[in-house]
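K.L.:
Quick one: this structure, given as structure tokens, is what I'll be asking you about.
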Amino acid sequence: MKTTPPKRPLQFLRWFCREDYLEEIEGDLMEVFVSEVEDSPSKAKWKFSWSVLKYFRPGFIRSFSNSNQFSPMGMYKSYFKIGWRNLLREKGNSFLNIIGLATGMTVAMLIGLWVVDELSFNRYFKNYDRIAQVTKAGNYEGKYYMGQKYLPFPLIEELKNTYGQNFKHIVPISGPEGFDAVLSTEDKMLTRKGMYIGEGAPEMFSWKMKYGSWNGLDEIQGIMISESTSQAFFGESDPVGRAMKVNNHTDVKVTGVFEDFPKNTAFYGMMFFEPWNFYLKYASYITRQGWENNFLMAYVEIAPNVTMQEAGDAIKSAEKKATQNLDFRKQDGSEGSDVLLLPMADWHLYSDFRDGELQKGPIQLVRFIAAIGVFVLLLACINFMNLSTARSERRAKEVGIRKTMGSFRSHLIGQFFSESFLVVILSFLLALIAVYGVLPSFNQMAGKEIVLPLENKWFWLSCLSFTFLTGLLAGSYPALYLSSFKPISVLKGTFRAGRYATLPRKTLVVLQFVVSVGLISCTAAIYHQLMYVKDRPVGYSREGLIAVRKKSEEFNTKALALREELKRTGMVTEVAESGGDVTATWSHNGGFNWEGKDPNFEAYFATLNVSPEFGKTVGWEFVDGRDFMAEMASDSSGIVLNEAAVKYMNLKDPVGKSIRWTNRSWNVDQDFVVLGVIKDMLMNSPFEPVKPAVYITYGYERVLLMRITPGISTAEALPKIEKVFTQLIPDIPFDYRFVDQEYNSKFSTEDRIGKLAGVFAVLAVVISCLGLFGLASFMAERRTKEIGIRKVLGASVLNMWRLLSQEFVLLVLLASLIAMPLAYLVLEEGLQKYEYRTEISWWIIVLAGGIALCVTLLTVSFQAIKAALIDPVKSLKSE
Amino acid sequence: MAQHSLGEFEELVLLMVAALHDEAYGVSILSGLEKELGKSLNISAVHVALKRMEEKDFVKSRFGGITEDRGGRRKKYYVITALGKRVLDEQFALRSNIYNRIPKISFG
């Protein structure tokens, strides 16, 4: 009788045992079993089972991880392995792919961070959703003017007293720009920017306190300072309770230290705050101002149980109601303005009002930059798709074999997607490193303080989804296209891409170059506009002109001495004073009347009060009449107009005519004689037309101006000028600005956009060319045999070059033709916002197309000539 | 030397592999040891020891021919390697060294 070993233990053994051990173990077990089965079959069986069980130990159990057929892990692993091998097999191609995609992603990430920064302005404040600025809007000459941010004092009082239940806080401020003041302790003196602000501000804006509490402004002689200011004065110690002086005359006590405001907040750069009540006490004239004087600003936080809409509705007619019975309303018959709320969310991008209309500039800029980001990323994705589809024919056989071996189409799609994800993930890592590297210089260029939010889950979430999306987008075409090949035709060799197979690729190349040409045109146009405006005549000379703000009354009492001493140094040719900066208009006034004026025409002029030496100092130019003369006493009732004003007033031969100016807040009601007319002096934005302006010698006590003697360097002149100031006014640090620098800062936004757009345009072109380079090399490689045969038949290198380049050149030409009218339209629209602007000339756009064509030719020619120079013997021999 | 460590049972198996020279495979080692030790062992213990020593390069193996009573499965023959032999020598030297130091006193 032949007894066999028990079945089940044997099956168990075969299931778990390592394959390389199995034969030996099974054999030995069998041999032992056979030798023992004679004596006692049951005992032998038992022993067999027991032995099998004893093999069930780590060294003998096979590895299950790789061969478990129910888990697709192995499949994925193989996808990536094959993908990786494909990457390595075509190093050049993969390199182009990854670099191109990484560049695109870097740009997109930087732009994304920039856009988020723009959109998250003021989010630093916790009560973001509940804070608003009070503005006014009203009808004037049939037009509804909005966005008037300056309010009269009684309105703020009215809001507090009558509408207080709608608001948790009403916080007036002295001016959004703040003011410079000299802060001092016994041993230190520094100039810092600050403002007067309502007592509720710290709580309302949720200041992050380092020392002290949110009640710091309740103390009327208190001052709250920023952390950096505190460090500059008191080091690391707690300064609360320490004494300070403001502008050397006001004694104050530190009542709190707040964390410095980040750059993307409304209070960026504010280093100290003084209580509003202190301002009212010290500048008591404020409380006496009536409803006509709009000069204050106010922020509110709405009460917890009220919505923004409700609060807005409640106060809308506050001014009209309060003033309807007042005398001045009855006199002039005006009805006053609506009071509106501008929510904090709109402060940054929707608060630029000009002539009563909301300007779309800021939000358009954000959209423009965001669009660039999307386009650059799109270009990079197109590259990827093109390079992958171009390779498709080479991989057609692989697809055929895989399909014949039983691969499903879904497996192939998986394969190609995993390859694209591999590239995308590599590119993403590269891009992350790149962003980290270039962020400091990007911040400098964009004027931001962006940090990489590495601990922010939204950042990672958006990065991941963005990577995933890119992978999907970039991989979709090759994945779906390649996997659709029919194995029979591919393997038989009859597979031909066909005439139309390259059509999508060509379309994408055209699209790529449409975007590139568009970006080049935009950049060129922005630069052109910038140059045009920078060359604009300003009507005075900026070089060597220094402005010093008068920070104390001493500047006025010692004005004469200052002037004498400064001129004695020989460093300055002339010294003058004025009531405002040369580079900005501080006041606009109405109340002017003259002979021949239409009585219904309410004329407003930019008003600048200047000392008689002002003209000589800044170097303005007369077209008619003469300048003020210090020795002519009657010149105190003289007035100088600019050309714009003459045109605005519609005056002929203005010199010698008289103008009556009646203005209550200036306390003036007298006739002024026109002394002269100057060429327009550019004082406001260089992108706007010059405003009609009048210059009078009346109360010029805010700014001191001086011109450094031509030929003397500023380095030589400044110390000597400073010495005069420290001798005469020792209490105030010498603080000056160069007018030309001030002027140049007006271009900062446009300069930034220009630079950003320039960099992005260059990158876009580089990415497009990377793609073209890859495509050209692929084409050349595929046509090696053809080139060889043509050469043998006598074609020259020139012929070959033309053969290989013309396709691309045609595509780029086509792209330029499409892009040009588009760019023209976009630029026309974009430049509308600048009133002083250049014409878009066709040459800019043609130039952009030309640049794109040249770069294309260079890229493609490199490959074409390389291919054309190959020895035909070699190319024909190889197979 | 950690990698040259040799357990007691492993040493016995290795000795048997060396002794059987060219005829050592699972069952022959097992029966040889059973005869020497006079008790019955489980074949799995022999295999565990063999596999361990193969990893440590003390023995090497090859497949032999097919035999009838193994149901058509090949035998796997083990041969001691030079390293294995050296380890055995060292072990032996070590033991006899210490053994020789036992004072000659009667334990009677």
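The values are calculated or read from the model by the stated rules, or taken from the named source; none is laboratory data. Being a predicted model, the structure only gives us computed values, none of them experimental. Cβ atoms come from the backbone with ideal geometry, glycine included; neighbour counts cover every protein chain shown.
K.L.:
Looking only at residues in segment B:47-65 that are more than 8 Å from every other protein chain (Cβ to nearest Cβ) and aliphatic (A, V, I, L, M), which one is surrounded by the fewest Cβ atoms within 10 Å (Cβ to Cβ)?
P.N.:
Per the stated criteria, the residue is B:49.
K.L.:
Sticking with this one: Could you grab the pairs with beta carbons closer than 8 Å, sequence gap of 6+ or different chains, first residue in segment A:441-455 and touching a residue at least 40 places away in the same chain (Cβ under 8 Å) and on the phi > 0 side of the Ramachandran plot, second one in a helix (DSSP H, G or I) and surrounded by 12 or more Cβ atoms within 10 Å (Cβ to Cβ)?
P.N.:
Every condition considered, the pairs that remain are A:447/A:752.
K.L.:
Turning to a different aspect of this structure: Applying the selection to segment A:833-874, what residues are surrounded by 14 or more Cβ atoms within 10 Å (Cβ to Cβ) and either outside the structural domain of residue A:814 (by TED's automatic domain parsing) or not in a helix (DSSP H, G or I) (or both)?
P.N.:
A:833, A:834, A:836, A:837, A:838, A:840, A:870 - these are the residues of segment A:833-874 that are surrounded by 14 or more Cβ atoms within 10 Å (Cβ to Cβ) and either outside the structural domain of residue A:814 (by TED's automatic domain parsing) or not in a helix (DSSP H, G or I) (or both).
K.L.:
Within segment A:129-140, is even one residue assigned to a loop (DSSP other than H, G, I, E, B) and surrounded by fewer than 20 Cβ atoms within 10 Å (Cβ to Cβ)?
P.N.:
No: zero hits.
K.L.:
Tell me which residues, restricted to segment A:352-380, are small (Gly, Ala, Ser) and over 17 Å from the mean Cα position of the chain (by Cα). Walk me through how you get there before you give the answer.
P.N.:
From segment A:352-380, those small (Gly, Ala, Ser) are A:356, A:361, A:370-371, A:373, A:380; that's our starting set.
Passing the criteria: A:356, A:380.
K.L.:
Any residue in segment A:295-309 that is part of a helix (DSSP H, G or I) and in the same structural domain as residue A:343 (by TED's automatic domain parsing)? Walk me through how you get there before you give the answer.
P.N.:
The first filter runs over segment A:295-309 and keeps only residues part of a helix (DSSP H, G or I), leaving A:308-309.
Now restrict to residues that are in the same structural domain as residue A:343 (by TED's automatic domain parsing): A:308-309.
Yes, there is a match, as at least one residue in segment A:295-309 is part of a helix (DSSP H, G or I) and in the same structural domain as residue A:343 (by TED's automatic domain parsing).
K.L.:
Assuming residue A:37 fulfils every condition listed in (1) touching a Ser or Thr at 6+ places or on another chain (Cβ under 7 Å); (2) over 23 Å from residue B:25 (Cα atoms); (3) not basic (Lys, Arg) apart from one, which condition is it?
P.N.:
Only one criterion in (1) touching a Ser or Thr at 6+ places or on another chain (Cβ under 7 Å); (2) over 23 Å from residue B:25 (Cα atoms); (3) not basic (Lys, Arg) is unmet by residue A:37, namely (2).
K.L.:
While we're here: It is to be established whether one or more residues within segment B:29-36 are within 14 Å of chain A (Cβ to nearest Cβ), in contact (Cβ under 8 Å) with a residue 40 or more places away in the chain and surrounded by 12 or more Cβ atoms within 10 Å (Cβ to Cβ). Give the steps one after another, and end with the answer.
P.N.:
Filtering segment B:29-36 down to residues within 14 Å of chain A (Cβ to nearest Cβ) leaves B:29-35.
From what's left, in contact (Cβ under 8 Å) with a residue 40 or more places away in the chain: B:29.
Adding the requirement that they be surrounded by 12 or more Cβ atoms within 10 Å (Cβ to Cβ) leaves B:29.
Yes, the conditions are met somewhere in segment B:29-36.
K.L.:
Counting residues that are of a type in the set (Gly, Ala, Ser) and farther than 23 Å from residue A:53 by Cα, which helices (runs of 4 or more DSSP H) fully inside chain B reach at least 3?
P.N.:
B:82-100
K.L.:
Which of the numbered conditions does residue B:43 fail, given that it passes all the others? Conditions: (1) within 11 Å of chain A (Cβ to nearest Cβ); (2) within 23 Å of residue B:95 (Cβ to Cβ).
P.N.:
If we test residue B:43 against (1) within 11 Å of chain A (Cβ to nearest Cβ); (2) within 23 Å of residue B:95 (Cβ to Cβ), just (2) comes out false.
K.L.:
If you take the residues of segment A:389-409 that are in contact with a Lys or Arg (Cβ under 9 Å, 6 or more places away or on another chain) and among the small types (Gly, Ala, Ser), which of them is nearest to residue A:758 (Cα to Cα)? So that I can check it myself, show each step before the final result.
P.N.:
Residues of segment A:389-409 that are in contact with a Lys or Arg (Cβ under 9 Å, 6 or more places away or on another chain), as a first pass: A:389-390, A:393-394, A:400, A:403, A:409.
With among the small types (Gly, Ala, Ser) added as a condition, the list becomes A:390, A:400.
Numbers: A:390: 31, A:400: 46 Å.
By that ranking, first place goes to A:390.
K.L.:
Would you mind finding the one in A:649, A:683 that is surrounded by 18 or more Cβ atoms within 10 Å (Cβ to Cβ) and closer than 21 Å to residue A:596 by Cβ?
P.N.:
Step by step, each of A:649, A:683 is checked, and only A:649 is surrounded by 18 or more Cβ atoms within 10 Å (Cβ to Cβ) and closer than 21 Å to residue A:596 by Cβ.
K.L.:
Within segment A:157-185, count every residue that is surrounded by fewer than 20 Cβ atoms within 10 Å (Cβ to Cβ) and among the aliphatic types (A, V, I, L, M).
P.N.:
Counting residues in segment A:157-185 that are surrounded by fewer than 20 Cβ atoms within 10 Å (Cβ to Cβ) and among the aliphatic types (A, V, I, L, M) gives 1.
K.L.:
Related question: Which number in (1) within 11 Å of the chain's Cα centre (by Cα); (2) at the interface with chain A (Cβ under 8 Å from one of its Cβ atoms); (3) not β-branched (Val, Ile, Thr) marks the one condition that residue B:75 misses?
P.N.:
The failed condition is (1).
K.L.:
What is the residue count in segment A:37-64 for residues that are over 60 Å from the mean Cα position of the chain (by Cα) and more than 10 Å from chain B (Cβ to nearest Cβ)? Reasoning before the result, please.
P.N.:
Start the filter on segment A:37-64 by keeping residues that are over 60 Å from the mean Cα position of the chain (by Cα), which leaves A:37-61.
Filter once more, so that each one left must be more than 10 Å from chain B (Cβ to nearest Cβ): A:37-46, A:49, A:58, A:61.
So the count comes out to 13.
K.L.:
Continuing with the same structure: Residue A:585 - would you say it is on the phi < 0 side of the Ramachandran plot, touching a residue at least 40 places away in the same chain (Cβ under 8 Å) and assigned to a strand (DSSP E or B)? Reasoning before the result, please.
P.N.:
Numbers: on the phi < 0 side of the Ramachandran plot: yes; touching a residue at least 40 places away in the same chain (Cβ under 8 Å): yes; assigned to a strand (DSSP E or B): no.
Against the criterion (on the phi < 0 side of the Ramachandran plot, touching a residue at least 40 places away in the same chain (Cβ under 8 Å) and assigned to a strand (DSSP E or B)), residue A:585 does not qualify.
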